[in-house]
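Working notes for the structure below.
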Amino acid sequence: MKNYYTAKEARQRLGIEEGKFFYLVKTKRIKRITPPGKNQGVYPKTEVDRLAREMLTFLTYDESQGIQFMKAKTQEDIQEEYNLASMMFGHAVHDIATRKAWLSKNPDIDFIIRDHGNLVAFINVLPVEHETIMQFMRGEIRGWEIPATYVLPYTPNSQVECILMGMATTPEAEPTRRSHYGRRLINGLFYFLEELAEQNIIITKFYGTSSTPTGIAIMRNAGFNETGKIGKRVTFELDTMTSDTWTAREYRAILEAVKNQMPSRFKIEHKVT
């Protein structure tokens with residue numbers, strides 16, 4: 001049963017003891033399925049893998065705490081995100097007109113965290129043509145100089161490369177809460193990548209740059225490789241198909257799980273290791 005884990009396999013995937021595992025089953029955090037004619041239950045890989053990602057980022061998802069992950073769509077979303085970016089990065093940010101133009105080409109590039117209604121974090125993931133990415137990584141153009149015409153839509157049965165154009169959490173929150181915002185962003189992004197995988201849209205590489213200590217630390221902790229410098233900015237790259245970092249491994253686990261669930265939707269040959 002390739003789409004299911006045994007209890008032992010599920011515990012190993014989650015890295016937890018037997019007692020805690022069966023508590024999660026009893027409280028229905030993990031679904032147990034007993035096949036006809038069998039006594040032993042099995043557990044859907046997609047659900048166990050999702051929980052493993054949540055645990056990996058130390059996240060217990062609970063909207064009752066007032067923290068929500070969502071796409072930036074409204075004028076209010078864009079304005080508040082711009083305000084936070086300006087506060088964090090000064091004038092070196094994409095203006096509102098640029099953000100709107102990008103979203104008009106691809107509405108799935110901008111994600112935010114709201115805490116009891118207040119925008120407290122964001123991340124921008126921009127799929128762009130390879131040569132434009134290389135110009136950005138060589139410092140020949142800045143992010144806000146990328147026209148909307150160069151932004152790619154997410155097309156089923158395709159492979160794309162993306163720039164992490166920006167990520168920030170509000171400095172006004174206390175450190176523990178702020179860390180939770182960052183983890184929620186990462187976990188929410190994984191869920192979005194799973195949605196793309198279900199359409200056989202595969203992101204083969206992520207690129208990014210940062211000049212701030214916090215941004216550089218985030219890139220390093222996420223497993224990005226440092227590829228050089230442009231002035232004060234450090235350049236980073238993550239090959240999701242070959243990297244042994246936890247982020248790349250988790251992404252490949254998503255691809256493998258979706259491939260096993262819906263093999264007919266995977267038209268493009270790609271290596272998942």
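Would you say Thr227 is surrounded by 14 or more Cβ atoms within 10 Å (Cβ to Cβ) and in contact with a strand residue (DSSP E or B) (Cβ under 9 Å, 6 or more places away or on another chain)? Let's see the steps before the verdict.
On the way: surrounded by 14 or more Cβ atoms within 10 Å (Cβ to Cβ): no; in contact with a strand residue (DSSP E or B) (Cβ under 9 Å, 6 or more places away or on another chain): yes.
Criteria not met by Thr227.
Arg249 meets the stated requirement of being without any contact (Cβ under 8 Å) to a residue 12 or more places away in the chain and either basic (Lys, Arg) or within 17 Å of Cys162 (Cα to Cα) (or both). Taking the stretch 204-234 as the range and being closer than 16 Å to Ile123 by Cα, in a strand (DSSP E or B) and of a type outside the set (Ser, Thr, Tyr) as the test, the residues that pass are Phe206, Gly208. Among the residues of the stretch 97-138, the ones that are in contact with a Gly (Cβ under 7 Å, 6 or more places away or on another chain) and at positive phi come to 1 in all.
Looking at Asn124, Asn200, can you tell me which residue is of a type in the set (S, T, N, Q), buried (at least 20 other Cβ atoms within 10 Å of the Cβ) and in contact with an Asp or Glu (Cβ under 6 Å, 6 or more places away or on another chain)?
Asn124
Only residues that are out of contact with any Ser or Thr (no Cβ under 6 Å at 6 or more places or on another chain) and over 29 Å from Glu198 (Cβ atoms) were counted across the stretch 137-162, and they come to 7. Residue check: Met165 meets all listed conditions (1) modelled with pLDDT under 95; (2) surrounded by fewer than 19 Cβ atoms within 10 Å (Cβ to Cβ); (3) not acidic (Asp, Glu) but one, namely (2).
Can you say whether Ala173 is exposed (fewer than 15 other Cβ atoms within 10 Å of the Cβ), assigned by TED's automatic domain parsing to the domain that holds Ala257 and among the hydrophobic types (A, V, I, L, M, F, W, C), as far as the supplied structure shows? Judged against the criteria, Ala173 is not a match.
Residues of the stretch 205-219 that are touching a residue at least 24 places away in the same chain (Cβ under 8 Å) and β-branched (Val, Ile, Thr): Thr209, Thr212, Ile218.
Residues are listed down the side, and each one gets a yes or a no for (1) buried (at least 20 other Cβ atoms within 10 Å of the Cβ); (2) under 16 Å from the mean Cα position of the chain (by Cα); (3) at pLDDT 85 or above; (4) not assigned by TED's automatic domain parsing to the domain that holds Met165:
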site	(1), (2), (3), (4)
Ser210	yes, no, yes, no
Thr214	no, no, no, no
Thr235	yes, no, yes, no
Thr240	yes, yes, yes, no
Asp244	no, no, yes, no
Tyr251	yes, yes, yes, no
Ala257	yes, no, no, no
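Taking the stated definitions as given, is Asn106 at pLDDT 95 or above and assigned by TED's automatic domain parsing to the domain that holds Ala197? Here the answer is yes, as Asn106 does meet what is asked.
The values are calculated or read from the model by the stated rules, or taken from the named source; none is laboratory data. Not measured: the values here are computed from a predicted model. Every residue, glycine among them, receives a Cβ derived from its backbone with ideal geometry; neighbour counts consider all protein chains shown.
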